[in-house]
Amino acid sequence: MANKNPFTGTGVALVTPFRKQETIDFSKLESLINHILAEGADYIVALGTTSEAATMTETERHALQDFIVESVGGRCPVMLGLGGNNTLAVTDAIANTNFDGISGILSVAPYYNKPNQRGLAQHFKQIADASPVPVIIYNVPGRTGVNIMAETTLQLATECPNIIGIKEASGNIGQVMQILRSKPANFAVISGDDALTYPMITLGASGVISVMANALPKEMSSMVRYAMKGDIKKALPLHYRMLPLMNAIFEEGNPSGIKALLEIEGLIGNTLRMPLVKVSKGLYNKLSSLYDEFNA
């Protein structure tokens, strides 16, 4: 398997616009994709957590994947969210997935059943063996209930050529540094936390898969590029300028916060699928005020 990593810089964990009837608003989605790419994002992540894929039917997921690939039209790489807590079901899904226009998959750690580190390693090895495209593993213990330890990540990075990186959303900078210090040169560490992106890049990370970049693609992409060039004087002010909004959009969960902000910007409607609900009126007003301050 090839080791070249197309996922450097700012990836956008794409939201799914819904109409009030909760059907997918493909027109708004196309406009959002065009806006994100025009403002400088480097790649798109389709059917990740932020997309609300967990509440979609298989038919909807296939239609959404096809539409995103067609809308991107080769302008940037597309990473496809494809994971789960049943290893055989994930490998079966891989076997039945159309990978035309897909440059890699993002596979989340198994959730709910809480495997140990040996189980995690075997899970990802089987996915890597099954996948015709490179694999980025996704560590987000706040959602899955299990942390992929640094030692396990490094084992996978060393033993599995088709695993080319990790989206690290543990929030544990010590763990991130342990991976960065000892990883193979061609293994990417990608920030999975908008607010930690700047410090992670200064430590050696290769970018971010960002929720914030749905709403602020130009600013997020610029900050990442400056940081990766070591231009602290330009990167750090952008980081601090965005930080209040970065924190606020997650106060009542994702993607509730980012969808509220996107509605404030006039880009999409603020509709989610149950069990997710809209942010409170108080947070909505806070986001609106913070957005006004950001643009002041």
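Coordinate-derived values only; no laboratory data. Note that the coordinates shown come from a computational prediction; the quantities given were computed from them, not determined experimentally. Reconstructed Cβ throughout: ideal geometry from the backbone, glycine too, with neighbour counts over all protein chains shown.
Rundown of residues vs (1) out of contact with any Ser or Thr (no Cβ under 7 Å at 6 or more places or on another chain); (2) in a helix (DSSP H, G or I); (3) β-branched (V, I, T); (4) more than 23 Å from L238 (Cα to Cα), yes/no style:
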| site | (1), (2), (3), (4) |
| --- | --- |
| I137 | no, no, yes, yes |
| I164 | yes, no, yes, yes |
| A185 | yes, no, no, yes |
| L196 | yes, yes, no, no |
Every residue from segment 147-159 that is buried (at least 21 other Cβ atoms within 10 Å of the Cβ) and either among the charged types (D, E, K, R) or not in a helix (DSSP H, G or I) (or both): I148
Where the second residue is of a type in the set (K, R) and outside any helix (DSSP H, G or I) and the first is within 19 Å of T16 (Cα to Cα) and free of Cβ contacts under 8 Å to residues at least 60 places away in the same chain and lies in segment 272-285, which pairs have Cβ atoms under 7 Å and are six or more apart or on separate chains? none
Which is farther than 27 Å from P244 by Cα and free of Cβ contacts under 8 Å to residues at least 24 places away in the same chain, of A130, A185? A185
By residue number, the members of segment 239-264 that are of a type in the set (A, V, I, L, M, F, W, C) and assigned to a helix (DSSP H, G or I) are M242, L243, L245, M246, A248, I258, A260, L261, L262, I264
Residue that is assigned to a helix (DSSP H, G or I) and of a type in the set (A, V, I, L, M), where the choices are L267, L236: L236
Within segment 239-267, which residues are free of Cβ contacts under 8 Å to residues at least 12 places away in the same chain, farther than 26 Å from T202 by Cβ and surrounded by fewer than 18 Cβ atoms within 10 Å (Cβ to Cβ)? G266
